[in-house]
């Protein structure tokens, strides 16, 4: 694809890894599409720079604050730290211009975004706080109970605001494991318990949890999974506590397979950060130990939905917690929490975010020529009820008819181009076919029903037209649409087509040069 993507996010032992890990859900898709991904992150212990480089990213470690650069149009002000960060980012970019900048940072606002504006064409911001101004193309706030009204007066008028857990950016392994995980019963005797307090645990909450459930665990737990991030701050203490458990135990350090442990667990101790949405996606009930003040609202929201219980410091220290968990398992409390957790987050957030990004920038859409393996996909799209309704010949297409037609078109390499268009995560959203007839190209297109009505039609057709123009510039393209098909009519108009004619059969013809 060749696009240039920049990320501005920090991680450290004290800060945690949530900001960078949230961005990873998008980074991995861009890397697979051969995009040039550059991460700007502060130099700090635990900043995940080695892992990012191993994934194929260029990493620039920022040393801030820096002295004000006289060459920059920035004067002394109360927000000097943001300006210092912006100057360091600009300096490390070394003149690069990025197609997208993705920012996940609580200390950066519209001040930083305006100062770095010449670095990027489009900006996506992840925010959880709704407490500062932004100047962006898209803002994502995945928190439960958040809606665009919370950002009223904080965003530029052109910004798209995506709110709620349906936009939680989860790595693909979580939605992929969802069906299997939800099919697992979570109301039984002998529980599998997971302790995972996030990518870092600077306050050693893991050991506090281990101490609180040690009494009585032998008759309650079948397996205990303890997952720590790198570098574990109190590994020796955790090991000493784990050694006192008589159930099967497993200590895991710095794993990228946390979804596998969530799938086989009945209940999990954890925070209310990004991992909370991973647990919800897999229907895993949460016992939340709030490890940061900015997680309090999220914790309460999950409790209101019935997806979690919050343990206060006093509850964490009280005797009999293991027995209480056993009672929840036997009385279907954990089962009900599992169902309600799964309703909070379905794991489709990345796809939804990418759809919105593709509306802003059609070049993000992946496009390829159809091949033999696409035959059944194209038939399913062609026989979609709405597609048949809008077709000039509304009869369903048989498998044999399609096989004969497709085989013929695949041989017409010079005069028939069938393109499959996909989101950056690989989800196919539709097809566009151009056939040469009398010195002009005639368009046929259709969209997958899952992506219909999402505002992607213009991007789909524009992306295909741009690809055709690379080989057939200054040629005419024609589209024939039923007068009753208002959606397609609007798409052709928005793609700069001109209405050429309208016949008595109710067919409208649109034309344009490419």
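The values are calculated or read from the model by the stated rules, or taken from the named source; none is laboratory data. Treat the numbers as computed from the prediction; the structure is a model and nothing was measured. Reconstructed Cβ throughout: ideal geometry from the backbone, glycine too, with neighbour counts over all protein chains shown.
Would you confirm whether any residue within region 221-228 is buried (at least 16 other Cβ atoms within 10 Å of the Cβ), more than 21 Å from residue 286 (Cβ to Cβ) and in contact (Cβ under 8 Å) with a residue 40 or more places away in the chain? No: zero hits. What tally of residues in region 104-123 results from selecting those that are touching a strand residue (DSSP E or B) at 6+ places or on another chain (Cβ under 8 Å) and closer than 25 Å to residue 301 by Cα? Residues flagged as touching a strand residue (DSSP E or B) at 6+ places or on another chain (Cβ under 8 Å) and closer than 25 Å to residue 301 by Cα within region 104-123 amount to 2. May I ask you to list the residues in region 21-50 that are part of a loop (DSSP other than H, G, I, E, B) and free of Cβ contacts under 8 Å to residues at least 24 places away in the same chain? Answer for region 21-50, where residues must be part of a loop (DSSP other than H, G, I, E, B) and free of Cβ contacts under 8 Å to residues at least 24 places away in the same chain: just 43. Of all the helices (runs of 4 or more DSSP H) wholly in region 244-305, which have at least 2 residues that are touching a strand residue (DSSP E or B) at 6+ places or on another chain (Cβ under 9 Å), without any contact (Cβ under 8 Å) to a residue 24 or more places away in the chain and in the same structural domain as residue 318 (by TED's automatic domain parsing)? Because the criterion is at least 2 residues that are touching a strand residue (DSSP E or B) at 6+ places or on another chain (Cβ under 9 Å), without any contact (Cβ under 8 Å) to a residue 24 or more places away in the chain and in the same structural domain as residue 318 (by TED's automatic domain parsing), the helices (runs of 4 or more DSSP H) in region 244-305 that meet it are 296-304. Scanning region 159-195 for residues that are modelled with pLDDT of 95 or more and in a loop (DSSP other than H, G, I, E, B) yields 159, 164, 168, 169, 170.
Yes/no per residue for (1) free of Cβ contacts under 8 Å to residues at least 60 places away in the same chain; (2) over 30 Å from residue 276 (Cβ atoms); (3) in a helix (DSSP H, G or I):
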{"residue": "350", "(1), (2), (3)": "no, no, yes"}
{"residue": "353", "(1), (2), (3)": "no, no, yes"}
{"residue": "368", "(1), (2), (3)": "yes, yes, no"}
{"residue": "374", "(1), (2), (3)": "yes, yes, yes"}
{"residue": "378", "(1), (2), (3)": "yes, yes, yes"}
{"residue": "381", "(1), (2), (3)": "no, yes, yes"}
{"residue": "386", "(1), (2), (3)": "no, yes, yes"}
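Pull up region 355-366, narrow it to residues that are outside any helix (DSSP H, G or I) and surrounded by fewer than 23 Cβ atoms within 10 Å (Cβ to Cβ), then point me to the one that is modelled with the lowest pLDDT. Out of the qualifying residues, it is 366. Could you tell me whether region 411-421 includes any residue that is surrounded by fewer than 18 Cβ atoms within 10 Å (Cβ to Cβ) and on the phi > 0 side of the Ramachandran plot? Within region 411-421, not a single residue is surrounded by fewer than 18 Cβ atoms within 10 Å (Cβ to Cβ) and on the phi > 0 side of the Ramachandran plot.
Listed here are the residues, each with its yes/no results for (1) touching a helix residue (DSSP H, G or I) at 6+ places or on another chain (Cβ under 9 Å); (2) surrounded by fewer than 19 Cβ atoms within 10 Å (Cβ to Cβ).
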{"residue": "286", "(1), (2)": "yes, no"}
{"residue": "293", "(1), (2)": "no, yes"}
{"residue": "299", "(1), (2)": "yes, no"}
{"residue": "304", "(1), (2)": "no, yes"}
{"residue": "323", "(1), (2)": "yes, yes"}
{"residue": "327", "(1), (2)": "yes, yes"}
{"residue": "332", "(1), (2)": "no, yes"}
{"residue": "343", "(1), (2)": "yes, yes"}
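On the basis of being in a helix (DSSP H, G or I) and either surrounded by 19 or more Cβ atoms within 10 Å (Cβ to Cβ) or in contact with a helix residue (DSSP H, G or I) (Cβ under 7 Å, 6 or more places away or on another chain) (or both), does residue 53 make the cut? So residue 53 does not fit the description; no. Tell me whether region 451-468 contains one or more residues that are in a loop (DSSP other than H, G, I, E, B), exposed (fewer than 15 other Cβ atoms within 10 Å of the Cβ), assigned by TED's automatic domain parsing to the domain that holds residue 416 and in contact (Cβ under 8 Å) with a residue 40 or more places away in the chain. The answer is yes, given that some residue of region 451-468 is in a loop (DSSP other than H, G, I, E, B), exposed (fewer than 15 other Cβ atoms within 10 Å of the Cβ), assigned by TED's automatic domain parsing to the domain that holds residue 416 and in contact (Cβ under 8 Å) with a residue 40 or more places away in the chain. Determine whether region 504-511 contains at least one residue that is in contact with a helix residue (DSSP H, G or I) (Cβ under 9 Å, 6 or more places away or on another chain) and touching a residue at least 12 places away in the same chain (Cβ under 8 Å). Checking region 504-511: at least one residue is in contact with a helix residue (DSSP H, G or I) (Cβ under 9 Å, 6 or more places away or on another chain) and touching a residue at least 12 places away in the same chain (Cβ under 8 Å).
Has region 124-146 got at least one residue that is in contact with a helix residue (DSSP H, G or I) (Cβ under 7 Å, 6 or more places away or on another chain), crowded, with 21+ Cβ neighbours inside 10 Å, at pLDDT 95 or above and within 30 Å of residue 222 (Cα to Cα)? No, region 124-146 has no match at all.
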